[in-house]
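These notes concern the structure reproduced below.
The values are calculated or read from the model by the stated rules, or taken from the named source; none is laboratory data. Bear in mind the structure is a predicted one, so any value in this text is a computation, not a measurement. Cβ sites come from the backbone with ideal geometry, for glycine too, and all protein chains shown count toward neighbours. Only protein heavy atoms, including side chains, enter the accessible area calculation; ligands, DNA and RNA are left aside. Shrake-Rupley method; radii C 1.70, N 1.55, O 1.52, S 1.80 Å.
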Amino acid sequence: MFENGYARGPLLASSVTIGLAFLVGCSGKADTYAVPSEICGVSVEKEAVSSVLPAGRDLKDNHDPLGQDESHCDVYVDKYHALDVIIKSSENAPPEKELENATAHFTSRKKVNDFPFSSRTVLGAQGALVVAECGSPSRYLTFHIKVDSERINGGAGDVDGVSDFVQKFVPGVKTEMGCVR
């Protein structure tokens, strides 16, 4: 189940390790890994990616192919689980109570209704939960995004960084999956 200190799931189809390349991320922290332009199999602006990742030396991205009923993506920085993304396809949107329970622990919690790609979004320093309308191949995509907020900005996390990542990442996934909305 564990290989080289990283959790491995049975469906993890891709694995990318990014080595040493000195760079300063937009969070203002010096990072010694190259910030990737692709995360979880989707092209994303480097600034949006760096806003949800802590400083470190080594970055590893394990992800399932998109388009399954449920796809997982795990990003590790120096063997710490820095970013966790679960994308679920379904014909029904999750009930409001499920969304409230899944995001109750978020600090700096806020609901966002003006993202054009989602019907419901809840953001916090620890991540986001996004319900995006798709139409096809399924009616809804639900994104559970967890960020290691304890290692960003001295433990304070960054809800604006999470928001920036969501705004760049979710539309990229929808495009990659062929969503019609």
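Considering each of Asp84, Asp64, Asp74 in turn, give the residue that is at pLDDT 90 or above and surrounded by fewer than 19 Cβ atoms within 10 Å (Cβ to Cβ). Can you show your working first?
Numbers: Asp64 fails: surrounded by fewer than 19 Cβ atoms within 10 Å (Cβ to Cβ); Asp74 fails: surrounded by fewer than 19 Cβ atoms within 10 Å (Cβ to Cβ).
That would be Asp84, the only listed residue that is at pLDDT 90 or above and surrounded by fewer than 19 Cβ atoms within 10 Å (Cβ to Cβ).
Only residues that are among the β-branched types (Val, Ile, Thr) and over 27 Å from Glu38 (Cα atoms) were counted in region 74-132, giving 1.
Yes/no matrix, rows are residues, columns are (1) open to solvent by 50 Å² or more (accessible area, probe 1.4 Å); (2) in contact with an Asp or Glu (Cβ under 7 Å, 6 or more places away or on another chain); (3) closer than 20 Å to Thr175 by Cα:
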position: Phe117; (1), (2), (3): no, no, yes
position: Leu123; (1), (2), (3): no, no, no
position: Ser138; (1), (2), (3): no, yes, yes
position: Phe143; (1), (2), (3): no, no, yes
position: Val159; (1), (2), (3): no, no, no
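Looking at Glu96, is it open to solvent by 70 Å² or more (accessible area, probe 1.4 Å) and at pLDDT 90 or above? In short, no.
Identify the single condition in (1) without any contact (Cβ under 8 Å) to a residue 24 or more places away in the chain; (2) at positive phi; (3) of a type in the set (S, T, N, Q) that Ser108 does not satisfy, given that it satisfies every other one. Here Ser108 clears every test but (1).
Kindly evaluate Val75 against the criterion of being over 20 Å from Cys179 (Cα atoms), in contact (Cβ under 8 Å) with a residue 40 or more places away in the chain and hydrophobic (A, V, I, L, M, F, W, C). Give the steps one after another, and end with the answer.
Values: over 20 Å from Cys179 (Cα atoms): yes; in contact (Cβ under 8 Å) with a residue 40 or more places away in the chain: no; hydrophobic (A, V, I, L, M, F, W, C): yes.
No: the conditions fail for Val75.
Quick one: is Val42 surrounded by 12 or more Cβ atoms within 10 Å (Cβ to Cβ), within 15 Å of the chain's Cα centre (by Cα), at pLDDT 90 or above and β-branched (Val, Ile, Thr)? Here the answer is yes, as Val42 does meet what is asked.
When Ser138 is tested against the conditions (1) modelled with pLDDT of 90 or more; (2) within 24 Å of Pro95 (Cβ to Cβ); (3) small (Gly, Ala, Ser), the lone failure is (1).
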